[in-house]
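What follows is one structure encoded as structure tokens, with my remarks underneath.
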Amino acid sequence: AQSVTQLDSHVSVSEGTPVLLRCNYSSSYSPSLFWYVQHPNKGLQLLLKYTSAATLVKGINGFEAEFKKSETSFHLTKPSAHMSDAAEYFCVVSELSGSARQLTFGSGTQLTVLP
Amino acid sequence: DGGITQSPKYLFRKEGQNVTLSCEQNLNHDAMYWYRQDPGQGLRLIYYSQIVNDFQKGDIAEGYSVSREKKESFPLTVTSAQKNPTAFYLCASSIGVYRGNEQFFGPGTRLTVL
């Protein structure tokens, strides 16, 4: 069985400072991992994904994440926060479940960017 | 412009009524999904379909029904048997159900039961 834990429900940073959103996962197999972003009352947009290639994954809008198997972590980072980054972020794990690959979503981290 | 459309954006329903949420995609994706999102929670899978005329229950299928008569369309019916239907509903699609295939999401429908 797979699961994902987002360690912080809310994170606040000042504009121009680094962002760190933490995610730990549990998986019986080699998982695929994703980060999605959701702005208020909108659908989810893919930021980046890990599928067993390079462990450091670069995504859109300057975000990146590092897959660390020994720590079962997939933390999302950005060197310098922008006001437009304020949104909710979801860490997602995917592995085989029954006859199909299914996604398990974390509970989300709300990022606030202060001016 | 390829993407996923959901309609309506906002929907109000009286208790005891069935209501159908629309989801259409023009990405030529085989797989489609319905999720429910509640405040402070992640997404929970209601139903998914890997191919036309086939669909499977997800984690919270009770009180919901779907059909997949066309590749492009995957409507969700919220029936009166669903005890707490007020939520944000998201439709998604992917090329297939393989491990690396990311899902693309529609803009969502917010359902409120009065």
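Coordinate-derived values only; no laboratory data. If you're wondering where the values come from, they're calculated on a predicted model, not measured in any experiment. Methodologically, a virtual Cβ is constructed for each residue, glycine included, from the backbone with ideal geometry; neighbour enumeration extends over all protein chains shown.
Each of A:D85, B:D30 has some number of other Cβ atoms within 10 Å of its Cβ, and from fewest to most they run B:D30, A:D85. Among the listed pairs B:K14/B:K83; A:K58/B:K71; A:K42/B:K70; B:K57/B:K83; A:K42/B:K9, a Cα-Cα separation exceeding 21 Å is found for A:K58/B:K71; A:K42/B:K70. Kirkwood's formula applied to the C-alpha pairs of chain A gives a hydrodynamic radius of 14.2 angstrom.
Taking all Cα pairs closer than 8 Å and separated by 6 or more residues, the relative contact order of region A:22-115 comes to 29 percent. Dividing the alpha-carbon radius of gyration of region B:61-114 by the rule-of-thumb value 2.2 N^0.38 Å gives 1.31.
Cβ crowding within 10 Å, taken as a proxy for footprinting-reagent exposure, orders B:F12, B:F105 from fewest neighbours to most as B:F12, B:F105.
Looking at A:V13, A:A65, B:A87, which one has the Cα that reaches farthest to the positive end of the dipole of the protein assembly as shown (charges on Cβ: Lys, Arg +1; Asp, Glu -1)? Value: B:A87. In whole angstrom, note down how far apart the Cα centers of region B:1-80 and region A:1-78 are. The distance from the Cα centre of region B:1-80 to that of region A:1-78 comes to 26 Å. Per-residue mean of foreign Cβ neighbours for A:36-44 is 5 (Cβ atoms of other chains, 10 Å radius).
For A:F67, the shell of other residues with beta-carbons less than 13 Å away shows a net charge of +1, using +1 for Lys and Arg and -1 for Asp and Glu.
The convex hull around the C-alpha trace of the protein assembly as shown, projected and averaged over every direction, spans 12.6 square nanometres. Put a dot 7 Å past the Cα of A:E66, heading toward its Cβ, do the same for B:T5, and the two dots end up 4.5 nm apart. Under a model in which nothing but the beta-carbon of Lys, Arg (+1) and Asp, Glu (-1) is charged, the protein assembly as shown shows a dipole of about 240 debye around its Cα centre.
Ranking B:R44, B:R36, B:R68 by Cβ neighbours within 10 Å, fewest first, what do you get?
Least crowded to most crowded, the residues run B:R44, B:R68, B:R36.
Let a ≥ b ≥ c be the square roots of the eigenvalues of the Cα gyration tensor of chain B; is it rounded (a/c under 1.5), or, if not, prolate (a/b larger than b/c) or oblate? Prolate, since a/c reaches 1.5 and a/b exceeds b/c.
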